[in-house]
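Chemist: Could you have a look at this structure, given as structure tokens, before my questions?
None of the figures in this text is laboratory data; all of them are computed from the coordinates on show. All of these numbers come straight from a predicted model, not from anything done at the bench. FYI the Cβ positions are ideal-geometry reconstructions off the backbone, even for glycines, and counts take in every protein chain you see.
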Amino acid sequence: MCTLSYRLTESGYELFFNRDEQRSRAQAILPHIDSMLNAIYPVDPIGQGTWLAVHQSGLCFALLNYYQAQKKALPGEFVSRGEIILKLLARQGNVIDNLKKLPLSNYQPFQLCVFPADLNATNNQLLFLQWDGQRLTEQSLPTFFTSSSVDYPQVYQARKSAFEQIVSFVEPTTEQLLCFHQYQQSEGKLSVKMSREDAHTVSFSHIIVNDKISFDYIDYLDDKHHHCFLNRCELT
């Protein structure tokens, strides 16, 4: 239950990410600089992992659940997917090779977006990998991507329509993408900043990679989003 978008610039890229979670889930630990991994990322206190991280080099990982391939599981049957990004940050070399070295069968299905360190408007090759529980495949990544555990086809179409109305296909701007990630409509489950009885958008992240790296993180402290907390981290 998340939404990701991005824009490429002459000197790098920007990544925008809404994290949606169950209302019962504990509040995440704010993004911080990990001096051992040379990266910025927030931490989920349940699995002690993360869903989003940017390395000092400019390499960035974003992890989304793959609900359409999700498997019913007994408690403790799977390891937290939150550790995947941390394991990849700790390894050098080819991301796909490193991912294949992990015991993928220990994880529920996931989708991993990889933004290379040298990504920009000219060098625009991204990686989008899907693990369906049996196979790891490489897919094409559109400029907007979303996931939902409920009524995915309907949710996707509603958010896609919002994206097309708000964001320029030819030259998306920062302001347009920020507006898109704040978008709400009458039926809360369809909104980009979503709200359901059991879940809601809990945070928004904006990562900028150019001559320096910044990670802005908004933690929504209540369901109405009237109160929030902005946290900024930078790497040079």
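Chemist: Taking every eigenvalue of the Cα gyration tensor of region 2-235, multiplying by 5 and rooting it, what semi-axes result, largest first, whole Å? It would help to have the intermediate numbers written out before the result.
Modeler: Working: eigenvalues 111, 101, 69 Å².
Value: 24, 22, 19 Å, ordered largest first.
Chemist: With a sphere of radius 12 Å drawn around the Cβ of ILE213, what net charge do the other residues whose Cβ falls strictly inside it have (Lys, Arg +1; Asp, Glu -1)? It would help to have the intermediate numbers written out before the result.
Modeler: Numbers: positive: LYS212, ARG232; negative: GLU14, ASP211, ASP216, GLU234.
Here the count lands on -2.
Chemist: Where Lys and Arg each count +1 and Asp and Glu each count -1, what net charge lies around SER168 among other residues with Cβ under 11 Å from its Cβ? Write out the running numbers ahead of the final one.
Modeler: Working: positive: ARG7; negative: GLU164, GLU171, GLU175.
Charge balance near SER168 sits at -2.
Chemist: Identify the residues of region 83-104 with backbone N under 13 Å of a label point that sits 7 angstrom from the Cα of ARG25 along the Cα-to-Cβ direction, or state none.
Modeler: Flagged as within label range: 83.
Chemist: Do any GluC sites (Glu not before Pro) in region 3-39 lie in a loop, going by DSSP, with at most 11 other beta-carbon atoms within 10 Å of their beta carbon, and if so which? Present the calculation step by step, with values, prior to reporting the outcome.
Modeler: Working: sites: GLU10, GLU14, GLU21; in loops: GLU10.
Passing both the DSSP loop test and the Cβ count: GLU10.
Chemist: Report, in deg cm²/dmol and to the nearest 500, the calculated mean residue ellipticity at 222 nm for the chain, where each DSSP H run with n ≥ 4 adds -39500 (n - 2.57) and the sum is divided by the residue count.
Modeler: Details: 4 runs with 37 residues, N = 236.
Estimated from H runs of four or more residues: -4500 deg cm²/dmol.
Chemist: What percent of all Cα-Cα pairs in region 36-83 falls in each 10 Å bin, counting up from 0?
Modeler: Pairs per bin, as whole percents: 22, 46, 23, 8.
Chemist: Let me ask another. For region 132-210, what is the largest minus smallest coordinate of the Cα atoms on each principal axis, given in angstrom and ordered from greatest to least?
Modeler: Dimensions of region 132-210 along the principal axes of its Cα atoms: 35, 35, 22 Å.
Chemist: Could you give the nm distance between label points at SER11 and GLN92, where each point is 7 Å from its Cα heading toward the beta carbon?
Modeler: Label-label distance for SER11 and GLN92, simple model: 2.8 nm.
Chemist: Would you calculate the volume per residue, in Å³, of the smallest convex hull containing every Cα atom of region 1-73? Numbers along the way, then the final one.
Modeler: Values: hull volume 9.0 nm³, N = 73.
Hull volume normalised by residue count: 123 Å³.
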